[in-house]
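Values in this text are rule-based calculations from the coordinates and carry no lab data. Computed from a predicted model, the values in this text were never measured in an experiment. Every residue, glycine among them, receives a Cβ derived from its backbone with ideal geometry; neighbour counts consider all protein chains shown.
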Amino acid sequence: MALPTQSADFPAWYQEVVKQAELAEPSLARGTMVIRPYGFAIWEKVQRAIDDRIKATGHQNLYFPLFIPYRLLEKEAEHVEGFAPEVAVVTHAGGEELEEPLVVRPTSETVIWATYARWIQSYRDLPLLYNQWANVVRWELRPRLFLRTTEFLWQEGHTAHETEDEAVAEARLILDRVYREAMVDVLGLPVLVGRKSAAERFAGAVETFTLEGLMRDRKALQAGTSHYLGQNFARAYGVTFLGRDGKEHHAYATSWGASTRLVGGVIMTHGDDRGLRLPPRLAPIQVVVVPIYRSDDERGRVLGAAAAIRERLDGAGIRVHVDDREEQRPGFKFNEWELKGVPVRLELGPRDLDADQATVARRDGGGKEAWPLAGLPERLVTLLEEVQRSLFGDAERFRDDHTFRPGSYTEMAELLDDPGGFMLAPWCGGPECEARVKADTRATIRFLPLDPEPVEGSCIVCGSPATETAAWAQAY
RNA sequence: CGGGACGUAGCGCAGUUUGGUAGCGCGCAGCGUUCGGGACGCUGAGGUCGCGGGUUCAAAUCCCGCCGUCCCGACCA
């Protein structure tokens, strides 16, 4: 029952939190997971945060199939090359070998652009601003619940545009107005945004934008990506349109995705040695009420009061749950709800009722306080916002405390080893230097800042003139 | 796919060295006492010892093969 501490064994801590908080568990086929109701409720909140913003920025949802003819995949050379090793292929069905094998989608660019070819005739058909919520399969060698599973859930947006500028602006819009906003405002993740280096780019993309967070073990996590795909897919799948100039053009593409990995990001960003800590805006249960009583008389009185409070909190828009299970004692429930990360706990016993108060305990630290029942919902609404801010603040401070500007390659290697975190350092842009850092320290370039600071000095690796600042870190 | 560790009740483990009727803790079920920080007592259910083969009068234990899980590397949202 007891959780390993984060400092003693972070991977074990993570696994135990996921299991004990009943978020998910490994399933029967290697690399797959069952997402349990509480974990799925969190995912649904993530979905809602992202989906609302996708819609608010003018996109519509649709759905493409799970199976893609193998031949389709082959058309974009770089794309196939990137995904071939992790693609699952169906060769038999209906009791016979298939004439043409089907791949289980690892992502849907191919089938979608093959279809867009029929939907796009004229500049008047553009832009196409579509998104789908789907499962995808990538044959992973080393699965970890939520972070890397063979099958995972995500959304993938696929847009088609008339011009390069418009498509790049779309990729940036998603980054800022959809992902960053959802992650910062709802999930409480202090993500940094940037471009990927060529080595880290999505297979088939011209430019990949990314959002990166720093986990409690000082490793970076890619929380979402948005790609400018240029005309690569339009060329591969023959997507042309008649332009305003009366000539034929290839459409410009973007794609962007965020997955169930985000649930892992929330666990590893906010969690502590007692378990999960959920930001109130994400929490399926924001306030849990634990009734306390001895006799039957007290039981009736306390449960009655709890029901009344539930009504009032519900009316104030708070997601509240009364834990009236008979078989568990209060102390057990306190620990369980802390493990599950519920932001605020309300203890309600005879002593409280005698004083017209409730005992309020917040999950993000701080002790317990007695609050008058009068005005309770209003005060709790304020408290929840405060917890939301404080969790974000904690995570942001942790990230800043583990962001360094090493002065030499030796110093960078030492800092990466201990304590770890983001290393901001000048880079010459050479893939050899990037590869050397990876070989020496296992760290990769997580992102290149979007608005490059003026670069002074020389590449931290090779010493030749630097062209930009890179953020290095060990990553998931 | 390479290196290492491990598969015994739902979970965590002992038993394997030295072959001889499968155990402990937690959890689970029933009853009672409890209930403001992970309660206690009594009773009880639950196991093809990962799978297959071999050695033996006899295998959780010894031998061979396979499968799976975890950790470390290469790949990745």
Q: Count the DSSP beta bridges whose two residues both fall in chain A, then state the antiparallel fraction as a percent rounded to the nearest 5.
A: 85
(Q) Order these by the 10 Å Cβ neighbour count, fewest first: A:Asp324, A:Asp364. (A) A:Asp324, A:Asp364
Q: Quick one: grab the alpha carbon gyration tensor of the range A:10-270, order the square roots of its eigenvalues as a ≥ b ≥ c, and give me rounded if a/c is under 1.5, else prolate or oblate depending on whether a/b is larger than b/c.
A: oblate
Q. In nanometres, what is the gap between the two model label sites at A:Thr5 and A:Glu378, each 7 Å from Cα along Cα-to-Cβ?
A. 4.4
Q. Between A:Glu74 and A:Glu248, what is the FRET efficiency for a Förster distance of 30 Å, r being their Cβ-Cβ separation, to the nearest 0.05?
A. 0.80
**Q.** Using alpha-carbon coordinates, inclination of helix A:330-339 to the longest axis of chain A, degrees
**A.** 10
Q) For chain A, what D do you get in µm² per second when you plug the Kirkwood radius from alpha-carbon pairs into Stokes-Einstein at 20 °C and 1.002 mPa s? A) 87
Q. For the range A:79-217, rounded, prolate or oblate, judged on the Cα gyration tensor with a ≥ b ≥ c (square roots of eigenvalues), a/c < 1.5 rounded, else prolate if a/b > b/c?
A. oblate
Q: Any chance you could count the Lys pairs in chain A whose alpha carbons are under 22 Å apart, treating pairs 8 or more apart or on different chains as valid?
A: 11
Q) Taking only Cα atoms, what is the 0 to 90° angle, nearest 10, from helix A:296-315's long axis to the longest principal axis of chain A? A) 40
Q.
Quick check on the range A:201-331: take the gyration tensor over C-alpha atoms, sort the square-rooted eigenvalues as a ≥ b ≥ c, and tell me if it's rounded (a/c under 1.5), prolate or oblate.
A. prolate
(Q) Just want to confirm a number: the relative contact order over chain A, from Cα pairs under 8 angstrom separated by 6+ residues, in percent. (A) 14
Q. What is the magnitude of the charge dipole of chain A about its Cα centre, with +1 placed on the Cβ of each Lys and Arg, -1 on the Cβ of each Asp and Glu, and no other charges, expressed in debye to the nearest 20?
A. 560
Q: Give me the number: length gained by fully extending A:Asp314 to A:Asp440, i.e. 0.36 nm times residue separation minus the C-alpha to C-alpha distance, one decimal in nm.
A: 39.9 nm
Q: Can you work out the PRE-style zone for A:Asp176? Point 7 Å along Cα to Cβ, and I want the residues of the range A:120-164 with backbone N under 17 Å.
A: none
(Q) Expected output is a single nm value to one decimal: the length gained when fully extending between A:Asn335 and A:Lys55, i.e. 0.36 nm times separation in residues minus the C-alpha distance. What is it? (A) 96.9 nm
Q: Specify the angular offset, from 0 to 90 degrees and rounded to the nearest 10, of the alpha carbon long axis of helix A:37-56 from the longest principal axis of the alpha carbons in chain A.
A: 50
Q: Sort A:Leu282, A:Leu424, A:Leu126 so that the residue with the fewest other Cβ atoms within 10 Å of its own Cβ comes first and the one with the most comes last.
A: A:Leu424, A:Leu126, A:Leu282
**Q.** Cα→Cβ-extended label distance, 7 Å offset, between A:Arg274 and A:Ala93, nm
**A.** 5.1
Q: Sort out for me the Cα centre separation of the range A:122-192 from the range A:287-338, rounded to whole Å.
A: 40
Q.
Need the full-extension length gain, A:Glu25 to A:Thr115, defined as separation in residues times 0.36 nm minus the C-alpha distance. One decimal, nm.
A. 28.7 nm
Q) Projected onto the charge dipole of chain A (+1 at Lys/Arg Cβ, -1 at Asp/Glu Cβ, origin at the Cα centre), which of A:Ala355, A:Gln231, A:Val287 gives the Cα projection farthest towards the positive end? A) A:Ala355
(Q) Sort A:Phe152, A:Phe392 by Cβ crowding within 10 Å, fewest neighbours at the top. (A) A:Phe392, A:Phe152
